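Taking it in order: structure first as C-alpha cells, then the write-up.
The values are calculated or read from the model by the stated rules, or taken from the named source; none is laboratory data. Since the structure is predicted, the reported quantities are computational estimates derived from the model, not experimental observations. In this analysis, Cβ positions are derived from the backbone assuming ideal geometry, glycine residues included, and neighbour counts consider all displayed protein chains. Just the protein is used for accessible areas: all its heavy atoms, side chains included, with ligands, DNA and RNA removed. Shrake-Rupley method; radii C 1.70, N 1.55, O 1.52, S 1.80 Å.
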Amino acid sequence: MFELTPEQKDVKRAAREFAEGELMEVARELDEKEEFDEKLWKKAADLGFLGVFIDEKYGGAGLGYLDHSLICEEFSRIDCGIAHSITSSFFGSQLISLIGSEEQKLKYLPLVCKGEARMGVAITEPDAGSDVSSVKTTAKKTDSGYVISGNKTFITNANRGDFLIVLCITNPEAKKKYDRFSTIIVETNRPGYESSKLKNKLSIRCSDTGEVTFKDVEVPKENLLGKEGRGFYNIMEFLNRSRLEAAGFGVGTAQGALEKAISHVRKRKQFGVPLADSPIVQSKIAEMATLVEAARSFLYCTSAKLDKGELDHALIAMTKWYAAEIAVKVSDEAIQLHGGYGILEEYDVGHYWRDAKVLEIFEGTKEVEKLIIGRRLLGR
C-alpha cells in the first residue's frame, strides 16, 4: 500500500477537516440552487488549498500533484460540485507554470493562489469535443497582437472567470494539422467577450459551466502562452496533469458513496435483522471497498510519479478512466443498497452517482482514455 509522508497526511487531514466543517452543511442546498458560495473559495484560499503544486515564488505552496490529489479526494468525498468549483478557480495554472513566460507567471499565478482571480481553459466547441484538432476558433495576427473570433461550449468558469486560456487557430496554412493551433490568455473583461450559463446539469451543479462567444476580441501579443503553433501540444501536456484532478474527484466521490452505504446497512433492518448481517450485503461492501482502495492506490502512485518528473501518458489515462469508472460503479451500488430510499434526496446518496457520471466524460471521455492507453502500449 502506498504510504503518505507525514506532511502529506497533514494536507489530507486539513482538507478533510475543511470539507466536513465548511462544505457538508451547504452542499445539498448549493446543488439544488445550482449556485456556489464565494465564501468557500475565499476560505480555501486563506487555508492555502489553491494551486498547492505552484512554486512558492508565484504564490503557491510549492508542494506536488499528489498533495493536490489528496485535496481533490477529500473535498469531493463531501461534494464533487463544490470541489470542482474551488479547484477549477486555478484550472489551467498547470500550463502557465509549465510554459508561461516569467512575466505571465508573476502576473497570473499569484492572483489565483490568493483567491483574487479565477481562470479556466477554453477548448471544447459545439463541433469539437474529443477531437481537439477540430477546433475552429481563430486568432488573427495584428501588429500589436491577435483578434479572436469563435465559439466555445462546456467551459468551466465561463461566467465567473477573470481570464481563460483559449485554444485557437493561428497558423491555418501549417502543413501538419496539429501545428495550426496556439494557446492565448484572454481576459474576460475585454470587449467582445460574451458568455451564458448552462443550466439544469446532471452533475456538479453548483460549478459554473457555460458557453462563450468571442466577437473580435483583441489581445496583446504578450498574451500568447508558449510558442505559436504549439497550442495542441500544450493542451495535451495540460490534460496529462488535469486528468489526475478528475481522478482525485473519482476516488473521493466513490469513498463518500461507500461511507453512505456502510452507514445505511448498519442501521437498516430487513426481516428483523440489520442489512449488515446479510452475506450478500457484506460481499457488496467488500467489493466496493476493494475497488475504492485500488483506485486510491492508483491515484497516489501516478501522482507521485508525476511529482518525480515521470510523465507516463498511458498510466495517467488509466488512472483517470479507472477512478471515474469506480466512482460510477460504487455510487450505483450505494444507491442499490439503499433500495427505494436511494432515489430520495434526503438520504443523500443519489448525488454521488450524478456527480460521478461527468467524470467519465470531461478531461477526456473513457473511450478516449482507452485509445490513449491502447496506442501507447501498441506503439501506434
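Applying the criterion of being of a type in the set (Ser, Thr, Tyr) and open to solvent by 40 Å² or more (accessible area, probe 1.4 Å) to the residues of region 125-151, the residue that is nearest to residue 368 (Cα to Cα) is 130.
Of the residues 170, 213, the single one that is surrounded by 14 or more Cβ atoms within 10 Å (Cβ to Cβ), at pLDDT 95 or above, polar (S, T, N, Q) and within 13 Å of residue 122 (Cα to Cα) is 213.
Among residues of region 327-359 being under 24 Å from the mean Cα position of the chain (by Cα) and not in a helix (DSSP H, G or I), the one that is surrounded by the most Cβ atoms within 10 Å (Cβ to Cβ) is 349. Of all residues in region 303-322, at least one satisfies being open to solvent by 20 Å² or more (accessible area, probe 1.4 Å) and within 20 Å of residue 84 (Cβ to Cβ). Considering only residues that are hydrophobic (A, V, I, L, M, F, W, C) and assigned to a helix (DSSP H, G or I), look in region 360-380 and name the one that is least open to solvent (accessible area, probe 1.4 Å). My answer is 373. All of 196, 182 fail the test of being at pLDDT 95 or above, within 30 Å of residue 324 (Cα to Cα) and crowded, with 18+ Cβ neighbours inside 10 Å, apart from 182. Residue count for region 17-31 satisfying the condition of being within 12 Å of residue 86 (Cβ to Cβ) and of a type in the set (Lys, Arg): 0.
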